[in-house]
1. When you look at Arg56, is it among the basic types (Lys, Arg), part of a helix (DSSP H, G or I) and either surrounded by fewer than 17 Cβ atoms within 10 Å (Cβ to Cβ) or in contact with a helix residue (DSSP H, G or I) (Cβ under 9 Å, 6 or more places away or on another chain) (or both), yes or no?
2. I'd like to know if the range 35-55 contains one or more residues that are at pLDDT 90 or above and touching an Asp or Glu at 6+ places or on another chain (Cβ under 6 Å).
3. Answer with yes or no whether Thr13 is polar (S, T, N, Q), at pLDDT 90 or above, loosely packed, with under 15 Cβ neighbours inside 10 Å and under 13 Å from the mean Cα position of the chain (by Cα).
4. Tell me which of these Leu38 doesn't satisfy, since it passes every other one: (1) more than 10 Å from the chain's Cα centre (by Cα); (2) of a type in the set (A, V, I, L, M, F, W, C); (3) assigned to a helix (DSSP H, G or I).
5. What number of residues in the range 23-41 are within 10 Å of Ser7 (Cα to Cα) and surrounded by fewer than 15 Cβ atoms within 10 Å (Cβ to Cβ)?
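The values are calculated or read from the model by the stated rules, or taken from the named source; none is laboratory data. In this text the structure is predicted, and so the values were computed from the model without any measurement. Here Cβ is always computed from backbone atoms with ideal geometry, including for glycine, and neighbour counts include all displayed protein chains.
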Amino acid sequence: MANKKISSGTVHTIPRDLRKALTSDPKALALWENLTPLARNEWICWTTYVKRSDTRKQHVERVVSELKEGMRRPCCWLGCTHRTDKAISPSVQYMLSKKSKK
């Protein structure tokens, strides 16, 4: 099942760990495929943006569980800063500047 085509985001491709989690849960995979490319992109970025491997594992698990709970995008996420099709909003720039000072 690892070769099954799974839709990615607008900027990010789906990472191996998230692909594995989604292909092991048919309901989560169906919900994933029903998302817009921008929503999938947000989930992928939210999953891969973290620095620690244990946090990333938790994020992968949460993608599956939160999709099944009806969430279509990650909660409390600033959004993908890797998109080049739009400028980063002033509020996100402010939050990113605060984060970089820590």
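1. Numbers: among the basic types (Lys, Arg): yes; part of a helix (DSSP H, G or I): yes; either surrounded by fewer than 17 Cβ atoms within 10 Å (Cβ to Cβ) or in contact with a helix residue (DSSP H, G or I) (Cβ under 9 Å, 6 or more places away or on another chain) (or both): yes.
Here the answer is yes, as Arg56 does meet what is asked.
2. no
3. Spelling it out, Thr13 is indeed polar (S, T, N, Q), at pLDDT 90 or above, loosely packed, with under 15 Cβ neighbours inside 10 Å and under 13 Å from the mean Cα position of the chain (by Cα).
4. Answer for Leu38: the failing condition is (1).
5. Looking only at that region, the number is 4.
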